[in-house]
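Notes follow once the structure below has been shown.
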Amino acid sequence: MAFSEKPTSNASIEHHTPALPKDDALPEDEIDESEYPTGLRFWAIVVALVLSIFLASLDLTIISTAIPTITDRFQSLADVGWYASALFLPVAATQSMWGKAFKYFSVKAVFMFSIFVFEVGSLICAVSPNSNAFIAGRAITGAGVAGTFSGCYIIIAFSTPPKTRPAMTSILGATYAVASIVGPLIGGAFTNGIGWRWCFYINLPFGGLAAAAVLFSFKPPRAAAPVRVPLKEKLIQMDIQGTFLICASVVCYLLALQWGGVAKAWKSADVVGCLVGFGLLALAFCVNEWWMGERALVHPQFLRHRTVMSGCLYSFFVAGAFYILLFYLPIYFQAVKGASAVNSGIRLLPLILGMTLTQIVIGVTITVTGIWNPFQVAGAALVTVGSGLLFTLSVTASSGHWIGYQVIAGIGLGMGFNVPIIVTQRIVKASEVSTATAVILFFQSLGGALIVAAGQSIFQNELIGKLASTTPEISPLSIASADATTLRRLFTPEQLRGILESYVHGISMAFVLSIAVAAVATLIALVPKWGRLPAHAAAATSAERIESPIEEN
């Protein structure tokens, strides 16, 4: 298809365009009650999906405590930034493509393929002989992670009736949170024990087990049948050029923030060129999405629906706040408090327990009552407050402070993190669940990638700037590149005092970004109309259907 010719919809495609209802007219479920799995088959699916989400989420953070050993093995300190970015980038960029694949091909077959891609990437990481091979493995793993995330949420939507779906979706969300937090613990244990390569070998047997369970237990309902269009049309629907443009745009963004103020001056040609490239490629992506219309990665029909669009933006900012806390609290514990890699993971338990338990409670509450709006608003507000309190942490802060502050932020994350997925899956037709879920996860992953990169840039620049005044006799770059756990061995007590103050300053400035994005999420949560999910809509009185101050377009 020539790019100069704007795609047009034919009857076969138009028939499958998402027909989203208005906020006060939500559709009934299209899956027959008899098609939902029960008994052992249902629980085999749930266990398999929980295991899949756990493994995929684990890969997001498991290398955080193994990075010093990996960089020592490959002599690749300059590549540290790419070890995380190489995973996050394809997770964000391929999310919508996977959603299209789940719509136009067999749900079960696409899920099996996503697990296969994940396993191949894990194997490459495990046996990688050098840093370049390791980065390539992380990128392939990221593509598999994106498909696994989408597949798990899509399969659970097709396996549970509307009334219990919020609770089951919350279990997947809680698993995601648990895996993200225990990742550093497991990574540290493997690195100190049988070796860092087992951070990736472990995915092979358990991933295969999860795939086998889904293969033999999950029978897609009729509503999950692939959309019948020619193969050429299916390939066009993948919007490969859109995926390329968003990937290239984010790479430019990451390079600019990785170099700016650290390896290169902000005014250098390389940094400015990357920022300009980011803007131009992002603009090209937006033009491509408009040009592709119904075939775009991010379907315009979803973006025109106020509840779905606000859910996308909410997920973007809340995910960014979550990952800022997840990545910089361990640095605080290791660099400032002198905790080991494993112990810093243990100190994150208040955040994970607060988030996990609250997600389960909120999922059950939404299941019973159908009420969801207050949880989004209160959740983001609590994340804002919790991040603000964490901003006040000092070198001498007591355990009571960092425990209590984490609990507040964790409860907030648990209240709102999964709500956009729960709501979106319920207000779209069953045949559009895969695409809609992928759109939400696309924004969630993109928020994690872009906001964490911004946080890293803020942290590094503020740390280096502060070090220049607190320890002028030592090169700031040599301190910034040192392993956080070795600071007390490398520097004298007099030098250490200024270094720790600088670390606290840099971490606090990163938390400012978490405060800002969580505050934005709080405002976004006010946008949708207030009401109950469809299963409870009939029971809701007119007084309970509070009008949003923003009218539907």
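Taking only the C-alpha atoms, wrap a convex hull around the stretch 368-503 and report its volume per residue in Å³ as a whole number.
138
Per DSSP H run of n ≥ 4, the term is -39500 (n - 2.57); total these for the chain, divide by its residue number, and report the mean residue ellipticity at 222 nm rounded to 500 deg cm²/dmol.
Working: 25 runs with 393 residues, N = 553.
It lands at -23500 deg cm²/dmol.
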message: Output wanted: per-residue J couplings in Hz (rounded whole) for the stretch 252-266, from phi through Karplus 6.51 cos²θ - 1.76 cosθ + 1.60, θ = phi - 60°, x for Gly and Pro.
response: 4, 4, 5, 4, 4, 6, 6, 7, x, x, 10, 7, 9, 6, 4
query: What nm distance separates the two modelled labels at Ser34 and Phe391, each placed 7 Å from Cα along Cα→Cβ?
result: 5.9
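As a test of understanding, state the convex hull volume per residue of the stretch 289-341 from its alpha carbons, in Å³. Write down the numbers at each step before the final one.
Details: hull volume 5.0 nm³, N = 53.
In the stretch 289-341, the Cα convex hull volume per residue is 95 Å³.
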For the stretch 240-296, convex hull volume per residue from C-alpha positions, Å³: 54
- prompt: Plugging the Kirkwood radius over Cα pairs into Stokes-Einstein for the stretch 309-436, at a temperature of 4 °C and a viscosity of 1.567 mPa s, what D comes out in µm²/s?
  reply: 84
query: Out of Phe200, Val433, Phe443, whose Cα points farthest toward the positive end of the dipole of the chain (charges: +1 Lys, Arg; -1 Asp, Glu; placed on Cβ)?
result: Phe200
- prompt: In whole Hz, what ³J(HN,Hα) sequence does the stretch 455-468 give by Karplus (6.51, -1.76, 1.60; θ = phi - 60°), x for Gly and Pro?
  reply: x, 5, 5, 4, 4, 5, 5, 5, 4, 5, x, 6, 4, 4
statement: If R0 = 35 Å, then Ser469 and Ala133, at their Cβ-Cβ distance, give a FRET efficiency to the nearest 0.05 of 0.30
- request: Select from Val517, Gly188, Ser64 the residue farthest towards the positive end of the dipole of the chain; place +1 on Cβ of Lys and Arg, -1 on Cβ of Asp and Glu, and compute about the Cα centre.
  value: Gly188
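How large is the dipole of the chain about the Cα centre if only Lys and Arg carry +1 and Asp and Glu carry -1, each at its Cβ, rounded to the nearest 20 debye?
Working: 32 positive and 29 negative charges, 107 e Å.
Result for the chain is approximately 520 debye, rounded to the nearest 20.
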- request: Determine the gain in length on full extension of the stretch Ala109-Lys163; use 0.36 nm per residue of separation and subtract their C-alpha separation, reporting nm with one decimal.
  value: 16.7 nm
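Ranked from highest to lowest mean number of other Cβ atoms within 10 Å per residue, what is the order of the peptides 351-359, 229-237?
Numbers: 351-359: 24.1, 229-237: 14.6.
By packing density, highest mean first, the sequence is 351-359, 229-237.
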field: 16 Å cut-off, amide nitrogen to a point 7 angstrom out along Phe42 Cα→Cβ, residues in the stretch 343-366
entry: 364
- prompt: Which value, in debye to the nearest 20, describes the size of the charge dipole of the stretch 175-296 about its Cα centre when Lys and Arg Cβ atoms bear +1, Asp and Glu Cβ atoms bear -1, and nothing else is charged?
  reply: 280
message: Can you compute the equivalent ellipsoid semi-axes for the stretch 96-193, i.e. the square root of 5 times each eigenvalue of the Cα gyration tensor, sorted largest first and rounded to whole Å?
response: 28, 20, 8
message: On C-alpha positions alone, give me the angle between the axis of helix 493-524 and the longest principal axis of the chain, in degrees, nearest 10.
response: 20
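Hey, can you rank 245-252, 321-328, 203-210, 175-182 by average C-beta count inside 10 Å, highest first? Provide the component values of the computation, followed by the final result.
On the way: 245-252: 21.4, 321-328: 25.9, 203-210: 17.6, 175-182: 23.1.
Ranking the peptides 245-252, 321-328, 203-210, 175-182 by packing returns 321-328, 175-182, 245-252, 203-210.
Please find the FRET efficiency linking Val512 to Ile371, where r is the Cβ-Cβ separation and R0 is fixed at 35 Å, and quote it to the nearest 0.05. Numbers along the way, then the final one.
Working: r = 32 Å, r/R0 = 0.93.
It comes out at approximately 0.60.
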- request: Mind checking which of Gly311, Gln241, Ser394 is farthest towards the positive end of the chain's charge dipole, using Cβ charges of +1 (Lys, Arg) and -1 (Asp, Glu) about the Cα centre?
  value: Ser394
message: Please compute the modelled spin-label separation between Leu235 and Gln75, points set 7 Å along Cα→Cβ, answer in nm with one decimal.
response: 4.5
field: Whole-angstrom gap from the stretch 320-357 to the stretch 153-205, using each part's C-alpha centre
entry: 17
- prompt: Relative to the longest principal Cα axis of the chain, at what angle does helix 95-104 sit, 0 to 90 degrees, rounded to 10?
  reply: 20
- request: Within 10 Å, count the other beta carbons around each residue, average over each peptide in 310-318, 186-194, 445-453, and list them highest first.
  value: 310-318, 445-453, 186-194
- prompt: When the chain is fully extended, how far beyond the present Cα-Cα distance does Val120 get from Leu523, taking 0.36 nm per residue of separation?
  reply: 141.0 nm
task: Run a plain Debye calculation on the chain (Cα atoms as equal point scatterers, no solvent) and give log10 I(q)/I(0) at q = 0.08 Å⁻¹, rounded to two decimals, same order as the q list.
output: -0.51
task: On a 0 to 90° scale, report how tilted helix 373-391 is relative to the longest principal axis of the chain, with both axes built from alpha carbons and the result rounded to the nearest 10.
output: 10
query: For the stretch 373-393 and the stretch 493-526, what is the separation of their C-alpha centers, rounded to whole Å?
result: 14
task: For the stretch 362-443, would you read off the P(r) tail past 17 Å as a percentage of all alpha carbon pairs?
output: 57
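Give the calculated FRET efficiency between Asn192 and Asp270 to the nearest 0.05, with a Förster radius of 41 Å applied to their Cβ-Cβ distance. Intermediate values should be presented prior to the final figure.
Details: r = 38 Å, r/R0 = 0.92.
Efficiency for this residue pair is about 0.60.
Every number here is computed from the coordinates shown, using simple stated rules; none is lab data. Being a predicted model, the structure only gives us computed values, none of them experimental. Cβ atoms come from the backbone with ideal geometry, glycine included; neighbour counts cover every protein chain shown.
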